[in-house]
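In what follows, a single structure is set out as structure tokens and then discussed.
The values are calculated or read from the model by the stated rules, or taken from the named source; none is laboratory data. Predicted model only: the values in this text are computed from it and were never measured. Glycine also receives a Cβ, built like all others from the backbone with ideal geometry; neighbour counts cover every protein chain displayed. All accessible areas refer to the heavy atoms of the entire protein, side chains included, with ligands and DNA or RNA removed. Shrake-Rupley method; radii C 1.70, N 1.55, O 1.52, S 1.80 Å.
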Amino acid sequence: MIITKQKDIQKILGQLKGKDRVFVVGCAACATKCATGGEEQVRILAEELAKNQKKVTGTIVLDTPCDMRIVKKELLHNEKAGLAESLVLLSCGAGVQSIAQVCPERDLVPALDTLFLGSIERLGNFNQYCSLCGDCIIDETAGLCPVTRCAKALVNGPCGGAVNGKCEVNSGQDCVWILIYEKLQKNPTNIKKYRKIKSNASISKPQRIKTR
Amino acid sequence: MKFAETLKTKKFIITAELFPPKGINVQSLLDKAKLLRGKIDGFNVTDNQRAVMRLGSLAICRLLLDQGCEPIMQMTCRDRNRIALQSDLLSANTLGVENILILSGDHPSQGDHKEAKPVYDLDPVQLLKTARALETGVDLAGKKLDGSPQFCLGAVVNPMADPLDLQLAMVEKKIEAGAQFFQTQPIFDFKLLETFVARTRDLPAKILIGVFLLKSAQVAIFMKEKLGINISPHYIDRLSRAASPVDEGINIAAELISQLKPHVDGVHIMALGLEEHISEILDKVK
Ligand code: SF4
Ligand code: SF4
């Protein structure tokens, strides 16, 4: 799921300068799981805004703000939202932009910073294991992703700088190539896959925009 | 002699590392190089070493060529995408620089522009293959080149890396991708190197073992504690007791090279700013 964290309240208030009436939007999916944009965080932010002399015309937690069909159905014609000058959005950047596309006239204030696609270990403990490269190779790397988990995104093997199994860039992190190797060793056919040079044909895909 | 030719001989190969200044005053570096002309086989010029922004490797390599020194241009994968990397490979060749040492490069977070975007569009294996592809007259997009370059390609290996098997698999991959020679991280104990030497002896590439000029006990302690490099307490002791630690460092480096000489293809000397002392090291090698 998409990992987000809330912006500093002063930053949010700064964006709302000159706007008196606001409406707060949350997300029932990732941002709820992350405890950054669920019912509770929406309520707390609304209270915080009220304390700072904002009139909160209402709140809503959309099922998935990143789904434009839902934004159209639940938010576009929401009366209370209509009364506000600004919408304060507790969703990831994809949610904010879906809302922006469906409601082009509205003043939007993103209240979260979007960090990465994460795997949840336990609440508040998220790991970045995949960076959505668009060309998955982890069948050749023992199911562990070097594109994301190696600090230098080396896909053919390690840099040689690991110290005691830890990454040379961040001693708090395991060198993923050592983890990969340990796992591969348990299966000789996998080692063969590792030895095959991974070419560069399609590893870098910074954007994948599909419109239809 | 061209470095590619040197690699074909049975000669004990010696290269030294030079790092470009932060700024445009190149004279002191060129003077240091001049002292070594004729004494070593290659002048290895770093590429924004330790992710600290400096003058480019290519400019220095060309200046070295002009004064009769054989340059080896380091090229990291850190700062350039595949377009810039290929273009710079062509630029180097056009300026007469054929020897390229390819490495991943220290991460920006370890340098002096910590917020810089890490690129790593290609990894070292892929960049080696890319250089070889350019030699055949096509680029990574499969487009034909108007005139193709010729390279002598090198890469790096860490003989002390654990697990060694993984490093050796990497060496084989790099050779398959086009590496003709390797240089290693600094080594301070030949004993620790024996397994590595035995297991790489028959590979079709020359391996130059890194030798570092320790200028003080503090540097040795830093390398041991912060970089995890195995330096025997005996050396640290000698350095801290010496009247002139640099002279003692020179002795240590010369001893190491003398020990290595019968067993390895060559050495790569890193003097980190004290390059003017490299010829003293070489004079003391037995
Ligand atoms: S290779 Fe890594 S980044 Fe790419 S899709 Fe697979 S897990 Fe994600
Ligand atoms: S130490 Fe391992 S994880 Fe870190 S950059 Fe090197 S290969 Fe990648």
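Among the residues making up the stretch B:7-24, those that are more than 15 Å from B:Ile269 (Cβ to Cβ) and surrounded by fewer than 20 Cβ atoms within 10 Å (Cβ to Cβ) are B:Lys8, B:Thr9, B:Lys10, B:Lys11, B:Pro21, B:Lys22, B:Gly23, B:Ile24.
Return yes or no: is A:Gly157 in contact with a Leu (Cβ under 8 Å, 6 or more places away or on another chain) and at pLDDT below 95? First the steps, then the outcome.
Numbers: in contact with a Leu (Cβ under 8 Å, 6 or more places away or on another chain): yes; at pLDDT below 95: yes.
Criteria met by A:Gly157.
All conditions but one from (1) part of a helix (DSSP H, G or I); (2) modelled with pLDDT under 80; (3) more than 8 Å from chain B (Cβ to nearest Cβ) apply to A:Tyr194; the one that does not is (3). Checking each residue in the stretch A:174-186 for being more than 7 Å from ligand 2 (Cβ to nearest atom) and either in a loop (DSSP other than H, G, I, E, B) or open to solvent by 30 Å² or more (accessible area, probe 1.4 Å) (or both) picks out A:Asp174, A:Leu179, A:Glu182, A:Lys183, A:Gln185, A:Lys186. Would you be able to tell me the number of residues in the stretch B:96-120 that are free of Cβ contacts under 8 Å to residues at least 60 places away in the same chain, over 15 Å from B:Asp47 (Cβ atoms) and either acidic (Asp, Glu) or more than 8 Å from chain A (Cβ to nearest Cβ) (or both)? Within the stretch B:96-120, residues that are free of Cβ contacts under 8 Å to residues at least 60 places away in the same chain, over 15 Å from B:Asp47 (Cβ atoms) and either acidic (Asp, Glu) or more than 8 Å from chain A (Cβ to nearest Cβ) (or both) number 4.
A:Ile203 falls short on exactly one of the conditions (1) open to solvent by less than 40 Å² (accessible area, probe 1.4 Å); (2) within 16 Å of ligand 2 (Cβ to nearest atom); (3) modelled with pLDDT of 90 or more, and that condition is (3). Scanning the stretch A:117-131 for residues that are near ligand 1 (Cβ under 6 Å from one of its atoms) and more than 13 Å from chain B (Cβ to nearest Cβ) yields a total of 1. Just to be sure, is A:Thr189 at pLDDT below 90, polar (S, T, N, Q) and more than 13 Å from ligand 2 (Cβ to nearest atom)? Spelling it out, A:Thr189 is indeed at pLDDT below 90, polar (S, T, N, Q) and more than 13 Å from ligand 2 (Cβ to nearest atom). In the condition set (1) open to solvent by less than 10 Å² (accessible area, probe 1.4 Å); (2) touching a residue at least 60 places away in the same chain (Cβ under 8 Å); (3) within 19 Å of the chain's Cα centre (by Cα), B:Pro149 is compliant with all but (3). Restricted to the stretch A:44-63, and to residues that are buried (at least 18 other Cβ atoms within 10 Å of the Cβ) and under 24 Å from the mean Cα position of the chain (by Cα), which residue is farthest from A:Val24 (Cα to Cα)? Among those residues, the one meeting the criterion is A:Leu62. Scanning the stretch A:153-173 for residues that are over 18 Å from B:Asp165 (Cβ atoms), more than 8 Å from ligand 2 (Cβ to nearest atom) and more than 7 Å from every other protein chain (Cβ to nearest Cβ) yields A:Ser171, A:Gly172.
Scan the stretch A:136-146 and tell me whether some residue there is in a helix (DSSP H, G or I), open to solvent by less than 40 Å² (accessible area, probe 1.4 Å), within 14 Å of chain B (Cβ to nearest Cβ) and within 16 Å of ligand 1 (Cβ to nearest atom).
Initial filter on the stretch A:136-146 (in a helix (DSSP H, G or I)): A:146.
Okay, now just the ones that are also open to solvent by less than 40 Å² (accessible area, probe 1.4 Å), so A:146.
Filter once more, so that each one left must be within 14 Å of chain B (Cβ to nearest Cβ): A:146.
Filter again for within 16 Å of ligand 1 (Cβ to nearest atom), leaving A:146.
Taking every residue of the stretch A:136-146 in turn, at least one turns out to be in a helix (DSSP H, G or I), open to solvent by less than 40 Å² (accessible area, probe 1.4 Å), within 14 Å of chain B (Cβ to nearest Cβ) and within 16 Å of ligand 1 (Cβ to nearest atom).
Restricted to the stretch B:218-286, the set of helices (runs of 4 or more DSSP H) holding at least 3 residues that are open to solvent by less than 20 Å² (accessible area, probe 1.4 Å) comprises B:245-260, B:278-284.
Just one of B:Lys144, B:Lys174 is more than 9 Å from every other protein chain (Cβ to nearest Cβ) and at pLDDT 95 or above; which is it? First the steps, then the outcome.
Numbers: B:Lys174 fails: more than 9 Å from every other protein chain (Cβ to nearest Cβ).
Matching residue, one of B:Lys144, B:Lys174: B:Lys144.
So, in the stretch B:123-141, of the ones that are away from every other protein chain (no Cβ under 11 Å) and under 20 Å from the mean Cα position of the chain (by Cα), which residue ends up surrounded by the most Cβ atoms within 10 Å (Cβ to Cβ)?
Our first condition is that a residue be away from every other protein chain (no Cβ under 11 Å); within the stretch B:123-141, this holds for B:131-132, B:134-139.
So of that shortlist, the ones also under 20 Å from the mean Cα position of the chain (by Cα) come out as B:131-132.
Values: B:Ala131: 25, B:Arg132: 14.
Per the stated criteria, the residue is B:Ala131.
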